[in-house]
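J.: Shown below is the structure under consideration.
The values are calculated or read from the model by the stated rules, or taken from the named source; none is laboratory data. All figures in this text were calculated on a predicted structure; none of them were measured in a lab. Here the Cβ is made from the backbone with ideal geometry for all residues, glycine too, and neighbour counts use every protein chain on show. The accessibility values were calculated without ligands, DNA or RNA, using every heavy atom of the protein model including side chains. Shrake-Rupley method; radii C 1.70, N 1.55, O 1.52, S 1.80 Å.
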Amino acid sequence: MNSTSIRALTAILILAAAAGATPAAGPQARPAALAGKHQTWIEADAALIITPGEREAFLKLESDRDRDLFIEEFWRQRDPTPGTPLNEYRVEHFRRLEFADRVFGHGRAADGRGSDRGRMYILLGPPRDVDKIEKSDVRPLEVWTYQSHASVDQAGLFRLLFYRPESGREYALYNPATDRPSKLVSDGGRADKTGQETDATPLPFEADKSWGPADQRAFRRLAGTVGSPAAECALTCIPGDRGEGAAVRSAALLGAISEAPRRRLDDRYAQAFLAHKSLAEVGYSVKAIANRAAVQAYFEPNGSCFLHFAVVPEHLALEAFGDMYTAGLRTTLRLADASGRTLFERRREIPISLHRSELKAVQDKVFQVYDAVPVLPGAMVLHYRMENTINKEFTTVERTLSIPPAGTMDMTPPLLGRRGIRMEAAAGVEPRAFQVGAIQIDPSADGVFGTAEEIFLFLQLNGPSRELKASGTLEVAVSGNSGGTPKILRKPLAGYADGNILEKLPTDGLAAGAYAVEARLLDGSGRAVLESKGGLALRSGDQPAAWVAAGTNPPAGDPYYAFVLGTQAANRGDTTAALKSLVDAWRANEESIEFAVGYAKALLAVKDAGPARDVLGRYDGKPGVDFDFYATLGRAAWMAGQVREAAGWYDKALLYQRNVPAALNALGECRLTLGEEAKAREAWRRSLEVQPDQPEIKKKLDGLK
């Protein structure tokens with residue numbers, strides 16, 4: 001790491017230490033110094049999701065400039081896709097605020113978000129089902145049903161019961177731990193004048209032992225009049241949880257709902273913002289940083305191909321906590337074709353944790369990330385993004401690649417590294433990036449070395465003829481831009497049986513400067529058959545060593561490879577190859593939901609909707625299901641003609657990701673086919689809010705007005 005990087009690292013460590021303590025809850029009264037949009041923001045727009053630490057920091061800011069910057073950072077901290085133009089969290093939050101005010105506000109602006117129903121809608125989003133109950137002997141009731149809500153760690157169904165009190169128009173949220181069934185019936189649970197209802201009538205469920213006669217009568221009437229779901233809500237928010245302590249568990253769930261937006265955010269950034277607000281415009285933006293990168297595809301002896309890459313960000317921010325320094329790197333790799341269509345996408349987490357003594361050992365080194373992914377030969381574009389979750393900085397790499405098929409005669413560009421070894425591959429060992437066959441090389445992403453350093457050269461030769469392998473020669477020339485006699489390395493090709501070439505680069509005696517590295521493959525007559533070029537920069541003195549975080553892949557033969565390559569084949573439109581690879585991956589590991597979804601998508605590509613439904617149906621409700629799982633199941637049901645079933649699956653998918661236009665559009669089609677025009681209209685309206693440029697959806701929506 002050069003001196004600039006060291007200073008950057010040091011400054012960030014100081015800043016992280018300043019944010020080390022979680023602040024106590026701040027005052028909840030109206031801040032007298034605030035007015036206008038800032039008062040509206042903290043008291044209305046952000047009131048349900050702001051943490052105590054964020055509120056405390058915001059109230060201490062003294063200028064509108066700092067408040068505006070803080071609000072920008074507040075939303076950035078919640079952005080699920082930093083670096084993209086759209087902040088999905090912010091869009092969805094304001095959509096919920098608008099809905100709550102419009103539907104639950106009784107015509108008074110901003111009243112809806114302060115109501116119990118509005119508050120729950122803002123925190124949880126729309127329920128799966130709403131059951132409205134209007135009966136003469138019970139108060140107006142609403143039962144909202146939610147399914148597997150990740151924000152409160154609730155894996156199964158839960159229900160919220162709202163009732164309209166004797167006075168007032170707005171509904172109140174019923175809490176089984178503090179409320180009683182007598183609140184839910186119109187006469188408060190008085191004895192039945194007809195004499196038909198007696199205290200000896202068995203209760204439909206095990207009632208709370210603290211209930212008096214009025215509550216027990218109210219509970220019987222509630223169960224007999226509106227049915228068991230509403231009555232069960234008087235006992236518990238969690239269906240089937242009727243044992244001892246059920247009411248307490250329900251109260252805990254209600255509390256978790258209110259705290260979920262605050263509990264899932266690390267708000268220490270707010271105190272750091274307060275301490276360093278003069279630098280806020282630079283230091284707290286979602287900021288792109290520069291990098292150096294090396295990217296190259298290499299074939300393995302078995303014919304499989306891997307794309308290897310090394311990324312060197314200009315600095316790495318670490319967070320100090322006692323004697324430990326940590327960072328969380330989140331990487332996204334996407335392979336796309338020339339039109340931008342995704343061929344494969346993979347996300348990985350790279351945790352960094354160093355003791356103070358370890359930090360001292362690496363602080364003068366250059367941090368690098370190595371990784372590799374199996375690929376199918378052909379044209380593609382690599383998009384790679386690495387984000388540091390500590391400070392929201394990110395760096396990206398993009399490369400356009402054209403990988404010839406295995407067996408095509410080709411020679412890769414020179415790859416230069418500080419270390420290169422030949423080794424024996426051990427069975428069951430996870431291969432790391434830049435391990436090709438029996439060779440492991442640690443590359444330099446920028447080709448910069450010290451004049452006294454040993455430099456290794458790696459090349460891969462693919463598809464040479466038998467005659468060329470027997471009589472050909474490898475020639476590597478290192479030549480300076482200012483002329484002079486090139487340094488030449490010549491070796492017979494017969495010495496490289498596997499086509500993987502590892503040699504020391506001839507640089508002895510070369511002065512500091514820029515050099516070209518040219519590799520040529522000569523046939524028996526000395527004619528150049530293949531050529532490739534690279535660059536080299538020599539500098540005086542020792543250059544910083546590397547500090548590497550290397551990704552690994554599973555051992556050879558793992559079904560992961562069949563899944564990755566099958567996914568790429570499917571997205572290229574090669575359904576035959578895709579089906580073969582993806583069914584092999586799934587059968588080798590039927591516990592993998594990801595493999596099951598990949599196989600089901602391949603089946604849908606050849607119109608086998610029934611088998612796709614059968615494959616996925618066994619996983620419904622299991623841990624690990626997500627948006628993609630339910631959206632694929634919805635598509636399978638739709639193709640199989642099961643429209644109502646498809647709508648249910650799309651509803652479940654949208655519980656995981658609220659604003660996916662394709663899923664919303666598909667749900668709209670299902671609802672329209674079922675004759676549910678209002679629900680179709682709502683799905684398409686939400687889709688257009690996210691992606692306005694959809695003329696066909698606009699046309700369909702206009703047709704329903």
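J.: Could you run through the stretch 288-302 and say how many residues are within 17 Å of P377 (Cβ to Cβ) and part of a strand (DSSP E or B)?
T.: Filtering the stretch 288-302 down to residues within 17 Å of P377 (Cβ to Cβ) leaves 295-302.
Filter once more, so that each one left must be part of a strand (DSSP E or B): 295-299.
So the count comes out to 5.
J.: With respect to the numbered conditions (1) over 30 Å from R419 (Cα atoms); (2) surrounded by 20 or more Cβ atoms within 10 Å (Cβ to Cβ), which one is the sole condition not fulfilled by A546?
T.: Single failed check for A546: (1).
J.: Of everything in the stretch 683-705 that's within 25 Å of the chain's Cα centre (by Cα) and of a type in the set (S, T, N, Q), which residue is modelled with the lowest pLDDT?
T.: Taking the candidates together, the pick is Q691.
J.: Sticking with this one: When you go through (1) without any contact (Cβ under 8 Å) to a residue 60 or more places away in the chain; (2) open to solvent by 20 Å² or more (accessible area, probe 1.4 Å) one by one for G118, which number turns out not to apply?
T.: Result: G118 passes all but (2).
J.: Right, next: When residues of the stretch 665-682 are filtered for being under 25 Å from the mean Cα position of the chain (by Cα) and either of a type in the set (V, I, T) or at pLDDT below 95 (or both), how many remain?
T.: Within the stretch 665-682, the subset under 25 Å from the mean Cα position of the chain (by Cα) is 665-667.
Going one step further and asking which of them are either of a type in the set (V, I, T) or at pLDDT below 95 (or both), we end up with none.
So the answer is 0.
J.: State whether one or more residues within the stretch 67-82 are over 28 Å from the mean Cα position of the chain (by Cα), at positive phi and surrounded by 15 or more Cβ atoms within 10 Å (Cβ to Cβ).
T.: No, the stretch 67-82 contains no residue that is over 28 Å from the mean Cα position of the chain (by Cα), at positive phi and surrounded by 15 or more Cβ atoms within 10 Å (Cβ to Cβ).
J.: Let me ask another. Return the residues of the stretch 153-170 that are under 30 Å from G621 (Cβ atoms) and part of a loop (DSSP other than H, G, I, E, B); say none if nothing qualifies.
T.: Within the stretch 153-170, D153 is the sole residue that qualifies.
J.: How about the stretch 496-513: which of its residues are of a type in the set (A, V, I, L, M) and within 19 Å of P443 (Cβ to Cβ)? Full working, then the answer.
T.: Residues of the stretch 496-513 that are of a type in the set (A, V, I, L, M), as a first pass: 497, 501-502, 505, 510-512.
If the condition is that a residue be of a type in the set (A, V, I, L, M) and within 19 Å of P443 (Cβ to Cβ), then I501, L502, L505 are the ones that fit.
J.: Another question, then. Among the strands (runs of 3 or more DSSP E) contained in the stretch 303-365, which hold 1 or more residues that are closer than 20 Å to T395 by Cβ and either among the charged types (D, E, K, R) or open to solvent by 70 Å² or more (accessible area, probe 1.4 Å) (or both)? Don't jump to the end; show me each part of the working.
T.: Details: elements: 305-313, 319-321, 324-336, 342-355.
Output list reads 319-321, 324-336, 342-355.
J.: Right, another one. Going through the stretch 210-251 one residue at a time, which ones are closer than 11 Å to P176 by Cβ, assigned to a helix (DSSP H, G or I) and among the small types (G, A, S)?
T.: Correct list: A246, A247, S250, A251.
J.: Let me ask something else about it. For the stretch 134-148, name all the residues that are assigned to a strand (DSSP E or B) and open to solvent by 30 Å² or more (accessible area, probe 1.4 Å). Break it down into steps so the answer makes sense when it comes.
T.: Here is the first cut: in the stretch 134-148, the ones assigned to a strand (DSSP E or B) are 138, 141-148.
Scanning the stretch 134-148 gives a single hit, Q147.
J.: How many residues, within the stretch 121-140, are in contact (Cβ under 8 Å) with a residue 24 or more places away in the chain and more than 28 Å from the chain's Cα centre (by Cα)?
T.: So the answer is 8.
J.: Check A514 against each of (1) aliphatic (A, V, I, L, M); (2) part of a loop (DSSP other than H, G, I, E, B); (3) under 27 Å from F449 (Cα atoms) and name the one condition it does not meet.
T.: (2)
J.: Is there a residue being out of contact with any helix residue (DSSP H, G or I) (no Cβ under 8 Å at 6 or more places or on another chain) and free of Cβ contacts under 8 Å to residues at least 12 places away in the same chain anywhere in the stretch 400-409?
T.: Within the stretch 400-409, none of the residues are out of contact with any helix residue (DSSP H, G or I) (no Cβ under 8 Å at 6 or more places or on another chain) and free of Cβ contacts under 8 Å to residues at least 12 places away in the same chain.
J.: Please verify whether the stretch 481-495 includes one or more residues that are over 28 Å from W547 (Cβ atoms), touching a residue at least 12 places away in the same chain (Cβ under 8 Å) and open to solvent by less than 50 Å² (accessible area, probe 1.4 Å).
T.: Step one: filter the stretch 481-495 for residues over 28 Å from W547 (Cβ atoms), giving 481-495.
Then drop every residue that is not touching a residue at least 12 places away in the same chain (Cβ under 8 Å), which leaves 481-482, 487-494.
Add one more test, that the residue is open to solvent by less than 50 Å² (accessible area, probe 1.4 Å), and what stays is 489, 493.
Yes: one or more hits.
J.: Find all pairs meeting these conditions: Cβ atoms under 8 angstrom apart; at least six residues apart or on different chains; first residue within the stretch 601-612 and within 15 Å of L633 (Cβ to Cβ); second residue among the polar types (S, T, N, Q).
T.: Correct list of pairs: K601/T632; A602/T575; L604/T632; A612/T632.
J.: Moving on to the next point. Out of everything in the stretch 428-460 that is among the aliphatic types (A, V, I, L, M) and over 25 Å from G557 (Cβ atoms), what residue ends up being most open to solvent (accessible area, probe 1.4 Å)?
T.: Out of the qualifying residues, it is A452.
J.: Considering only residues that are within 17 Å of A47 (Cβ to Cβ) and touching a residue at least 60 places away in the same chain (Cβ under 8 Å), look in the stretch 250-263 and name the one that is surrounded by the most Cβ atoms within 10 Å (Cβ to Cβ).
T.: Within the stretch 250-263, the match that is surrounded by the most Cβ atoms within 10 Å (Cβ to Cβ) is I257.
J.: Please tell me if K580 is farther than 29 Å from P413 by Cβ, free of Cβ contacts under 8 Å to residues at least 24 places away in the same chain, open to solvent by 30 Å² or more (accessible area, probe 1.4 Å) and among the basic types (K, R). Can you show your working first?
T.: Numbers: farther than 29 Å from P413 by Cβ: yes; free of Cβ contacts under 8 Å to residues at least 24 places away in the same chain: yes; open to solvent by 30 Å² or more (accessible area, probe 1.4 Å): yes; among the basic types (K, R): yes.
Considered against the rule, which asks whether it is farther than 29 Å from P413 by Cβ, free of Cβ contacts under 8 Å to residues at least 24 places away in the same chain, open to solvent by 30 Å² or more (accessible area, probe 1.4 Å) and among the basic types (K, R), K580 comes out as yes.
J.: Give the stretch 206-247 a look and list any residue that's at pLDDT 80 or above, out of contact with any Lys or Arg (no Cβ under 8 Å at 6 or more places or on another chain) and over 14 Å from L184 (Cβ atoms), or say none.
T.: Matches in the stretch 206-247: G212, P213, G240, G245, A246, A247.
J.: If you check A662 against the conditions, is it open to solvent by 70 Å² or more (accessible area, probe 1.4 Å) and either outside any helix (DSSP H, G or I) or aliphatic (A, V, I, L, M) (or both)? Quick ask: steps written out before the conclusion?
T.: Working: open to solvent by 70 Å² or more (accessible area, probe 1.4 Å): yes; either outside any helix (DSSP H, G or I) or aliphatic (A, V, I, L, M) (or both): yes.
The answer is yes for A662.
J.: On to the next question. Those residues that are without any contact (Cβ under 8 Å) to a residue 40 or more places away in the chain and among the polar types (S, T, N, Q), I need them from the stretch 563-577; list them, please. Steps first, please.
T.: Filtering the stretch 563-577 down to residues without any contact (Cβ under 8 Å) to a residue 40 or more places away in the chain leaves 563, 566, 570, 573-577.
Hits for the stretch 563-577 are T575, T576.
J.: Right, something else. Within the stretch 11-34, does at least one residue satisfy the condition of being at pLDDT below 60, assigned to a helix (DSSP H, G or I) and among the β-branched types (V, I, T)?
T.: yes
J.: Continuing with the same structure: Looking at the stretch 373-419 only, could you name the residues that are open to solvent by less than 10 Å² (accessible area, probe 1.4 Å), of a type in the set (S, T, N, Q) and modelled with pLDDT of 90 or more?
T.: T412, the sole residue that qualifies.
J.: Moving on to the next point. Give the stretch 548-582 a look and list any residue that's in contact with a Gly (Cβ under 6 Å, 6 or more places away or on another chain) and either hydroxyl-bearing (S, T, Y) or under 24 Å from F434 (Cα atoms) (or both), or say none. Before you say what the answer is, go through the steps one by one.
T.: Residues of the stretch 548-582 in contact with a Gly (Cβ under 6 Å, 6 or more places away or on another chain): 555, 563, 567, 578, 581-582.
Those that are in contact with a Gly (Cβ under 6 Å, 6 or more places away or on another chain) and either hydroxyl-bearing (S, T, Y) or under 24 Å from F434 (Cα atoms) (or both): P555, F563, T567, S581.
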